[in-house]
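Down below is the structure, laid out as structure tokens.
The values are calculated or read from the model by the stated rules, or taken from the named source; none is laboratory data. Keep in mind that this is a model prediction, so the values were computed, not measured. Here the Cβ is made from the backbone with ideal geometry for all residues, glycine too, and neighbour counts use every protein chain on show.
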Amino acid sequence: MTWRKVTAIIISLSFFLVACNNITTIETEEIRLMNFQAFGKADGELIKVISDENEVKMIVKLIDGASKESGSVDMPEGDYTVELVSEDGEKEAYHLWLEDAEAKGTIMAVKDTSTIYTLSKNKKEKLRTALIN
């Protein structure tokens, strides 16, 4: 096998692995921003509904860009919960920690409170701005 083929295979596998690293699993049409109520639940007070296609895509891209962290999780109460809703009504929700100016952002799937994902401070601020403003 030539080096060209090996390089092409490695690049293809890299793209495949990056594409499979998404946190979200549904085709999102709408995002509902809520106050955090409790771990494992998405029933806080509704703050905002986002349905603009470009805004939804940007927010989902920021969430999917988070990095999975290993180890045990012991988190304080979150700042927000977002619920992603597909066109056919399928839902998935995430708890968010975005308000601490000195910390990275943190994301936790409502259905898996034993795993967290982190965002750089820059991406956290972009996500916070997109959701709150």
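Here are a few things to note about the model shown:
- Only one entry in Ser72, Ser67 is more than 17 Å from Leu131 (Cα to Cα), modelled with pLDDT of 90 or more and of a type in the set (Ser, Thr, Tyr), namely Ser67.
A quick yes/no check of all residues on (1) hydroxyl-bearing (Ser, Thr, Tyr); (2) in a strand (DSSP E or B); (3) modelled with pLDDT under 95:
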residue	(1), (2), (3)
Glu77	no, no, yes
Ala93	no, yes, no
Glu102	no, no, yes
Asp112	no, no, yes
Leu127	no, no, no
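- Scanning segment 20-76 for residues that are of a type in the set (Gly, Ala, Ser), surrounded by fewer than 15 Cβ atoms within 10 Å (Cβ to Cβ) and touching a Phe, Trp or Tyr at 6+ places or on another chain (Cβ under 7 Å) yields one hit, Ser67.
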